[in-house]
Amino acid sequence: MMYRPGDRVRFETTGDDGWPLIRYGFVGGVSGNGGPIVVMLDGELTGDVVNRSELQPVSITSIELCLRGADLIDDPDLRKGLVALWHAEADSAGLDVDELHPIGDGKRESDACWALAELMTADQHYVVRALQLPNEPEIIRVRAENR
């Protein structure tokens, strides 16, 4: 991926507590030959040097929540709340998601997948889905995917 100064990026790291931490920021500087990138992380005054391989461009489909608790997908009220959590994460990432339409308490697409909301941005249709991970049934992944 070619990054340019000003590109919005997502950086996954580990917090001081050992839990995964997702940070957002802007590319501040790019070194040549595929070297590290200076990222101006949100809420910080100085740039961090980050390996190119650890960055992702911010897009509707790169915003993802991985939450622990199978009840989040089993309970209709908690399932509805996942839409608000995903929307808050998209806001934190700097995305403008105006056309988000929840699908009641979700529409079951399979034993482990629920469609939670539909959205449209940049003339593209997406569905926000909650998926119970097959190898880790206690982890629920919430993300938008192409319709």
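The values are calculated or read from the model by the stated rules, or taken from the named source; none is laboratory data. Values in this document were obtained by computation on a predicted structure and should not be read as measured data. Glycine gets a Cβ as well: all are built from the backbone with ideal geometry, and neighbour counts include every protein chain shown. SASA here: full protein model, heavy atoms, side chains in, ligands and nucleic acids out. Shrake-Rupley method; radii C 1.70, N 1.55, O 1.52, S 1.80 Å.
Sequence-ordered 3J(HN,Hα) estimates for region 101-107 from the Karplus curve with 6.51, -1.76 and 1.60 and θ = phi - 60° stand at 10, x, 9, x, 9, x, 10 Hz, glycine and proline given as x. Computed over the chain, relative contact order equals 18 percent, with contacts defined as Cα pairs under 8 Å that lie 6+ residues apart. Residues whose amide H lies under 5 Å from that of residue 93, counting only those 5 or more places away or on a different chain, are absent; hydrogens are built 1.01 Å from N in the peptide plane.
Each part reduced to its alpha carbon centroid, region 58-87 and region 1-42 end up 24 Å apart. Sequence-distant contacts, meaning Cα pairs under 8 Å at least 6 residues apart, place the relative contact order of region 72-124 at 33 percent.
Rounded to the nearest 500, the 222 nm mean residue ellipticity of the chain from helices alone is -4500 deg cm²/dmol, with -39,500 (n - 2.57) taken per DSSP H run of at least 4 residues. With protein chains left intact and a 1.4 Å probe, residues in region 34-127 average 55 Å² of accessible area per residue.
Computed from the C-alpha gyration tensor, the three semi-axes of the ellipsoid equivalent to the chain are 30, 17, 13 Å, from longest to shortest. For region 131-137, 3J(HN,Hα) computed residue by residue from phi via the Karplus equation (6.51, -1.76, 1.60; θ = phi - 60°) reads 10, 7, 5, x, 8, 9, x Hz, glycine and proline entered as x. Segment residue 44..residue 8, full-extension length gain: 11.5 nm, with 0.36 nm per residue of separation and the alpha-carbon distance subtracted.
Counting Lys and Arg as +1 and Asp and Glu as -1 over every other residue whose Cβ lies under 12 Å from the Cβ of residue 91, the net charge comes to -4.
The phi-based Karplus calculation (6.51 cos²θ - 1.76 cosθ + 1.60; θ = phi - 60°) puts the 3J(HN,Hα) values of region 140-147 at 10, 9, 10, 7, 8, 10, 4, 4 Hz, whole numbers, x for Gly and Pro. For the chain, modelled as a GNM whose springs connect Cα atoms under 10 angstrom apart, the maximal fluctuation among 56, 124, 132 occurs at 124.
Restricting region 81-147 to chymotrypsin sites (Phe, Trp or Tyr not before Pro) that sit in a DSSP loop and have at most 12 other Cβ atoms within 10 Å of their own Cβ leaves nothing. Taking only protein heavy atoms and a 1.4 Å probe, the accessible area of the chain is 50% carbon and sulfur. The C-alpha atoms of the chain define a longest principal axis, and helix 76-92 lies at about 20 degrees to it. For residue 118, the residues whose amide H sits under 5 Å from its own are 101, 103, 128, ignoring neighbours fewer than 5 places away on the same chain, with H placed 1.01 Å from N.
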